[in-house]
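All remarks here apply to the structure that follows.
The values are calculated or read from the model by the stated rules, or taken from the named source; none is laboratory data. Given the structure is predicted, the values throughout are model-derived calculations rather than measurements. Note that we place each Cβ from the backbone using ideal geometry, even for glycine, and neighbour counts take in every protein chain shown. All accessible areas refer to the heavy atoms of the entire protein, side chains included, with ligands and DNA or RNA removed. Shrake-Rupley method; radii C 1.70, N 1.55, O 1.52, S 1.80 Å.
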Amino acid sequence: MNKKELELYIHIPFCARKCAYCDFLSFAAPERVYEEYVNKLIEEIYGQSGNFADTHVTTIFLGGGTPSILPAYLMEALFGALYECFEIDADAEITIEANPGTLTMEKLEVYRQSGINRLSLGLQSADDQELKYLGRIHSYDDFLKSYQRARQAGFTNINIDLMSALPGQDVHSWKTTLRKVLMLKPEHISAYSLIIEEKTPFYERFGEDAADPKHVPVLPQNPHTAAELAARASVMTLPDLPEEDVDREMYHLTKELMAAQGFFRYEISNYAKPGFACRHNIGYWTGVEYLGLGLGASSYTHGYRYHNTGDLKEYLSLNLYEAGAAAREIELLSVEERMEEFMFLGLRMTGGVSGSEFLARFGQNMWNVYGDVIERLQKEGLLEVEIPMVRLTELGVDVSNRVLSEFLLK
Ligand code: SF4
């Protein structure tokens with residue numbers, strides 16, 4: 001029997017402290033909760049694996065939150081269950097997200113023994129003042145120590161996460177961050193522009209209503225510590241965000257500096273040395289099925305999309321040996337929805353989408369479904385066509401949200 005490819009995503013929702021811009025499902029929690037959570041996660045691994053006997057796992061991604069906050073013994077237990085329950089390829093790409101300030105040599109060694117072969121380090125900025133504005137728990141120096149420790153432990157595939165368009169940031173300071181990071185010679189860099197998400201302290205300072213003189217900021221009511229409350233209040237005094245044109249200048253500078261150092265851009269915000277593009281993300285962007293395990297984790301399996309409950313108390317109280325007990329909002333994707341996803345996600349990649357792949361997947365000609373849109377966007381200089389491929393032009397990348405929304409079928 002030919003087994004299907006499956007990707008695993010494992011969510012660890014804990015962070016030392018909440019960053020001021022973050023709307024991920026993450027929070028600070030007492031350490032005793034970590035063990036309780038991992039035990040439940042293991043229960044879920046056992047419960048779900050029976051439904052995936054016809055698959056082999058090509059990639060695993062531990063995201064969060066801050067997965068590296070877990071003590072080493074819990075990570076060992078988690079991987080023990082994963083190897084017992086799933087058929088994991090010998091060459092599977094296994095990534096863990098780690099934040100500086102939470103990585104010890106002991107943890108790194110356990111990661112290596114567990115088969116983790118890719119480390120994704122959340123730096124965001126090499127400027128300590130900018131890190132402070134973001135509410136990060138670490139300095140640039142802390143990051144450097146973690147990076148060097150990871151190299152010493154034998155990690156040969158390291159991603160560094162960066163963020164541009166930060167409060168008070170200018171092109172010069174962004175360039176300095178990029179230069180410092182490039183000098184370290186990582187294998188992969190993700191460089192996103194800051195997005196102001198609702199229900200975050202940053203939204204109170206920079207969101208749509210913040211400029212309204214009648215607007216009264218509503219800072220979150222239940223901070224975990226006095227320091228967190230102070231940090232959140234100080235968000236209101238942050239300098240302004242860079243203007244849109246400065247943001248674009250930063251984006252173009254990123255592309256130039258990365259290319260000069262041998263990185264290729266394979267997705268709007270992702271750059272890799274040859275052979276180091278993230279297989280997990282590529283799978284996600286090209287429609288490989290993925291199973292999400294843990295609090296709030298999203299899944300797309302057997303044609304269904306769903307996500308686990310995001311309520312920690314509920315998650316911890318469920319019998320997760322029962323397959324799918326945490327799954328909520330289960331939805332069978334229609335052909336139209338799958339086509340839309342194929343276009344949205346595929347066009348984010350610099351290689352673009354393939355008409356032949358579209359035909360193989362949906363039994364329909366891509367030009368019959370999207371011909372008018374493609375032709376119009378091509379005329380506007382936003383798409384380029386090289387049959388069977390369709391991809392965004394540089395101009396198209398600049399306005400990618402607008403371009404991608406044109407592929408909605410309803
Ligand atoms: S470390 Fe990451 S997940 Fe945690 S609060 Fe900060 S941005 Fe969010």
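Scanning the stretch 148-179 for residues that are within 27 Å of M105 (Cα to Cα) and β-branched (V, I, T) gives T156, I158, I160, T177. Candidates in the stretch 66-100 are the residues that are open to solvent by less than 20 Å² (accessible area, probe 1.4 Å) and of a type in the set (V, I, T); of these, the one that is farthest from the ligand (Cβ to nearest atom) is I94. Just to be sure before I move on: is G294 touching a helix residue (DSSP H, G or I) at 6+ places or on another chain (Cβ under 6 Å), of a type outside the set (F, W, Y), within 20 Å of L41 (Cα to Cα) and open to solvent by less than 50 Å² (accessible area, probe 1.4 Å) in the structure I sent? So G294 fits the description; yes.
Of the residues G47, G63, the single one that is small (G, A, S), out of contact with any Cys (no Cβ under 7 Å at 6 or more places or on another chain) and either farther than 21 Å from H280 by Cα or open to solvent by 20 Å² or more (accessible area, probe 1.4 Å) (or both) is G47. Once the stretch 138-152 is narrowed to residues that are touching a strand residue (DSSP E or B) at 6+ places or on another chain (Cβ under 9 Å) and over 22 Å from F202 (Cβ atoms), the residue that is farthest from the ligand (Cβ to nearest atom) is R151.
Within the stretch 304-323, residues that are more than 12 Å from G47 (Cβ to Cβ) and part of a helix (DSSP H, G or I) have Cβ atoms under 9 Å from residues that are among the acidic types (D, E) and at pLDDT 95 or above in these pairs: Y315/E44; L316/E36, counting only partners at least 6 apart in sequence or on another chain.
In the set (1) under 15 Å from the mean Cα position of the chain (by Cα); (2) away from the ligand (no atom under 16 Å from the Cβ); (3) within 19 Å of G324 (Cβ to Cβ), A53 fails one condition alone, (1). Is it true that E336 is among the acidic types (D, E), surrounded by 15 or more Cβ atoms within 10 Å (Cβ to Cβ) and in a helix (DSSP H, G or I)? When the stated conditions are applied, E336 does not pass them. For the stretch 18-44: of the residues being crowded, with 19+ Cβ neighbours inside 10 Å and of a type in the set (K, R), which is farthest from the ligand (Cβ to nearest atom)? My answer is K40.
Within the stretch 101-137, take every residue that is farther than 30 Å from F206 by Cβ, among the basic types (K, R) and open to solvent by 10 Å² or more (accessible area, probe 1.4 Å) and give me the one that is nearest to the ligand (Cβ to nearest atom). Ranking the qualifying residues of the stretch 101-137, first place goes to K107.
The selection criterion, being outside the structural domain of D245 (by TED's automatic domain parsing), under 23 Å from R248 (Cβ atoms), part of a helix (DSSP H, G or I) and without any contact (Cβ under 8 Å) to a residue 60 or more places away in the chain, holds for V403. Of the helices (runs of 4 or more DSSP H) lying entirely inside the stretch 154-261, those carrying at least 2 residues that are open to solvent by 40 Å² or more (accessible area, probe 1.4 Å) and at pLDDT 95 or above are 171-183, 244-260.
Among the residues making up the stretch 376-387, those that are touching a helix residue (DSSP H, G or I) at 6+ places or on another chain (Cβ under 9 Å) and either assigned to a helix (DSSP H, G or I) or at pLDDT 95 or above (or both) are L377, E380, G381, L382, L383, E384, V385. Residues N308, N281: which one is in the same structural domain as T55 (by TED's automatic domain parsing), crowded, with 20+ Cβ neighbours inside 10 Å and touching a strand residue (DSSP E or B) at 6+ places or on another chain (Cβ under 9 Å)? Result of the check over N308, N281: N281. Just one of (1) modelled with pLDDT under 95; (2) on the phi < 0 side of the Ramachandran plot fails for L123. It is (1). Residues that are of a type in the set (D, E) and open to solvent by 70 Å² or more (accessible area, probe 1.4 Å) were ranked within the stretch 354-410; the one that is nearest to L333 (Cα to Cα) is E357.
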